[in-house]
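Colleague: Dropping the structure in here first, questions after.
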Amino acid sequence: MDAVIATGEDRLEGLRLLVESAAGVAARDGDLKAVRELRFGRPGLDRGRWSEIAAMGWLGLRLPEAAGGAGLGMAEYAALAGEVSAALLPEPFIEAQLALDLMGKDAPAEALRGDRLVLPAWLDATDGLTIAGGITEAGGRISGRRRFVPMAAAADAFLVVATEACWLIDAKAAGVTLEIENTLDGGHTATLNLDGVVAERLSAPDPKAFEAATLATASALLGVMERAFAITLDYLKTRVQFGQPIGHFQALQHKAVDMEIEIGLTRAALRDAVEAFDAGDDCRRVTSRTKARAADAAMLVTRQAVQLHGAIGYTDEADIGLFLRRAMVLAPRYGSAGFHRQRYGSLTEGRP
């Protein structure tokens, strides 16, 4: 992953060290037993692992040091998002980072330490990047609704986002209720209902934080693809039929090459988008191009990976199916491929 987004030798070395350090928490060749045990449970994540992630300085990594962050860039964020996703960790790394980015200097220290998980609540529509409206405020209390909050049952607090302001609320405050629905990968999302909830008003959201979360999600999809492809190549080398490994069959080799091409094109798009973001360019177009490609490619690669495993690939016991399920959940998050193609076509400014 580090070579995907490096922009210079010094930064490449730093990214390599960062990715190597991630192996202790998010190993790409790790056993998925622990991940399986958390599927469809509540709260659905490992608090001990979340504390490890925080202890490694991953939370608030884009925040300046004066705000308690690491002062790093999009390249580092994308690299870690890819590693977390390749390991299929259920912890809401990208969502927590989005909340911290939106809070900025107001981010509470306990959230940066991993002691308090703050998740953003900003959506109402089923697709896109439009911040929902409908929040009313009176006397320091807010009312309204937000939908599709990932892993909401694990939250200690929510950052309710509107175009004019953000509000920090306690997850157990009076007037807070959740309507939870399972997702295909074993996690969940929730509708957050607010009825006169005591809230701390913060500044208006920075739209670029959503662009960062979108790029991180594209990198997460790349991580899913890379791991699924690696597992599939191993299977093609070891599964024997008609006296030889099935990887010797030309038709399967062609499918594998197609998968590798899709992964390579996604890497290239992500590298370009990360460079644009870190350069301070208007990166909305290149972000949409990257997310659309990553979403489509991840669905193609993970479906082919399941198919190349034969009948066993369709069973729940086969790990390869977990990657398809994760891709299906991540592909529409922060805008589907269709949404981003439309957005790309509607924009006339910024890096293409």
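The values are calculated or read from the model by the stated rules, or taken from the named source; none is laboratory data. All figures in this text were calculated on a predicted structure; none of them were measured in a lab. All Cβ positions, even for glycine, are placed from backbone atoms using ideal geometry, and neighbour counts span all protein chains on display. Note: accessible area is taken over every heavy atom of the protein model, side chains too, but ligands, DNA and RNA are not part of it. Shrake-Rupley method; radii C 1.70, N 1.55, O 1.52, S 1.80 Å.
Colleague: Which ones in the range 102-129 are open to solvent by 50 Å² or more (accessible area, probe 1.4 Å), part of a helix (DSSP H, G or I) and touching a helix residue (DSSP H, G or I) at 6+ places or on another chain (Cβ under 8 Å)?
Modeller: Listed by number, the list holds a single entry, Lys105.
Colleague: Also, I was wondering about something else. Which of the residues spanning the range 314-324 are buried (at least 19 other Cβ atoms within 10 Å of the Cβ) and over 18 Å from Ala216 (Cα atoms)? I'd like the intermediate steps shown before the answer.
Modeller: Pass one, the range 314-324, residues buried (at least 19 other Cβ atoms within 10 Å of the Cβ): 320-324.
Once the filter is applied, which keeps residues that are buried (at least 19 other Cβ atoms within 10 Å of the Cβ) and over 18 Å from Ala216 (Cα atoms), the range 314-324 yields Ile320, Gly321, Leu322, Leu324.
Colleague: In a helix (DSSP H, G or I) and among the hydrophobic types (A, V, I, L, M, F, W, C): is that true of Ala269 in this structure?
Modeller: yes
Colleague: From the residues in the range 241-273 that are β-branched (Val, Ile, Thr) and over 21 Å from the mean Cα position of the chain (by Cα), which one is surrounded by the fewest Cβ atoms within 10 Å (Cβ to Cβ)? I'd like the intermediate steps shown before the answer.
Modeller: We begin by selecting, within the range 241-273, every residue β-branched (Val, Ile, Thr); these are 246, 257, 261, 263, 266.
Now restrict to residues that are over 21 Å from the mean Cα position of the chain (by Cα): 246, 257, 261.
Details: Ile246: 19, Val257: 10, Ile261: 12.
Among those residues, the one meeting the criterion is Val257.
Colleague: Do any residues in the range 44-65 that are within 23 Å of Ala190 (Cα to Cα) have Cβ atoms under 8 Å from those of residues that are among the hydrophobic types (A, V, I, L, M, F, W, C) and surrounded by fewer than 17 Cβ atoms within 10 Å (Cβ to Cβ), where the two are at least six apart or on different chains, and which pairs are they?
Modeller: Pairs that qualify, where the first residue is within 23 Å of Ala190 (Cα to Cα) and the partner is among the hydrophobic types (A, V, I, L, M, F, W, C) and surrounded by fewer than 17 Cβ atoms within 10 Å (Cβ to Cβ), are Asp46/Ala34.
Colleague: Within the range 329-343, restricting attention to residues that are in contact (Cβ under 8 Å) with a residue 12 or more places away in the chain, surrounded by fewer than 19 Cβ atoms within 10 Å (Cβ to Cβ) and of a type outside the set (Gly, Ala, Ser), which residue is nearest to Thr183 (Cα to Cα)? Step through it out loud before you land on a result.
Modeller: The first filter runs over the range 329-343 and keeps only residues in contact (Cβ under 8 Å) with a residue 12 or more places away in the chain, leaving 329-341, 343.
Still in the running and surrounded by fewer than 19 Cβ atoms within 10 Å (Cβ to Cβ): 329, 332, 336, 338, 341.
Going one step further and asking which of them are of a type outside the set (Gly, Ala, Ser), we end up with 329, 332, 341.
Working: Val329: 7, Pro332: 12, Arg341: 25 Å.
Result: Val329.
Colleague: For residues that are among the aromatic types (Phe, Trp, Tyr) and outside any loop (DSSP other than H, G, I, E, B), scanning just the range 285-342, find the one that is farthest from Val224 (Cα to Cα). Can you show your working first?
Modeller: Here is the first cut: in the range 285-342, the ones among the aromatic types (Phe, Trp, Tyr) are 314, 323, 334, 339.
Pick out the ones that are also outside any loop (DSSP other than H, G, I, E, B) and you get 314, 323, 339.
On the way: Tyr314: 17, Phe323: 6, Phe339: 21 Å.
The qualifying residue farthest from Val224 (Cα to Cα) is Phe339.
Colleague: Right, something else. Restricting attention to the range 297-306, which residues are open to solvent by 50 Å² or more (accessible area, probe 1.4 Å) and either in contact (Cβ under 8 Å) with a residue 24 or more places away in the chain or hydrophobic (A, V, I, L, M, F, W, C) (or both)? If you could, list the steps in order and put the result at the bottom.
Modeller: Residues of the range 297-306 open to solvent by 50 Å² or more (accessible area, probe 1.4 Å): 300, 303.
Residue satisfying the conditions is Leu300 alone.
Colleague: If only one of Leu12, Leu45, Leu72 is open to solvent by less than 70 Å² (accessible area, probe 1.4 Å) and at pLDDT 85 or above, which one is it? Steps first, please.
Modeller: Numbers: Leu12 fails: at pLDDT 85 or above; Leu72 fails: open to solvent by less than 70 Å² (accessible area, probe 1.4 Å).
Leu45 is the lone residue from the list that is open to solvent by less than 70 Å² (accessible area, probe 1.4 Å) and at pLDDT 85 or above.
Colleague: For the range 213-240, which positions are of a type in the set (Ser, Thr, Tyr) and open to solvent by 20 Å² or more (accessible area, probe 1.4 Å)? Step through it out loud before you land on a result.
Modeller: So the first thing to find is which residues in the range 213-240 are of a type in the set (Ser, Thr, Tyr), and the list is 214, 217, 219, 232, 235, 238.
Residues satisfying the conditions are Tyr235, Thr238.
Colleague: Let me ask another. Name the strands (runs of 3 or more DSSP E) wholly within the range 130-191 that hold at least 3 residues that are over 30 Å from Leu322 (Cα atoms), open to solvent by 20 Å² or more (accessible area, probe 1.4 Å) and not acidic (Asp, Glu)? Spell out how you get there, then give the answer.
Modeller: Numbers: elements: 136-138, 141-150, 157-161, 166-170, 176-182.
Answer list for the range 130-191: 141-150.
Colleague: Pairs please, first residue from the range 214-230 and touching a residue at least 60 places away in the same chain (Cβ under 8 Å) and under 14 Å from Leu324 (Cβ atoms), second anywhere and crowded, with 24+ Cβ neighbours inside 10 Å and basic (Lys, Arg), Cβ atoms under 6 Å, 6+ apart in sequence or on different chains.
Modeller: From the range 214-230, the pairs are Val224/Arg326.
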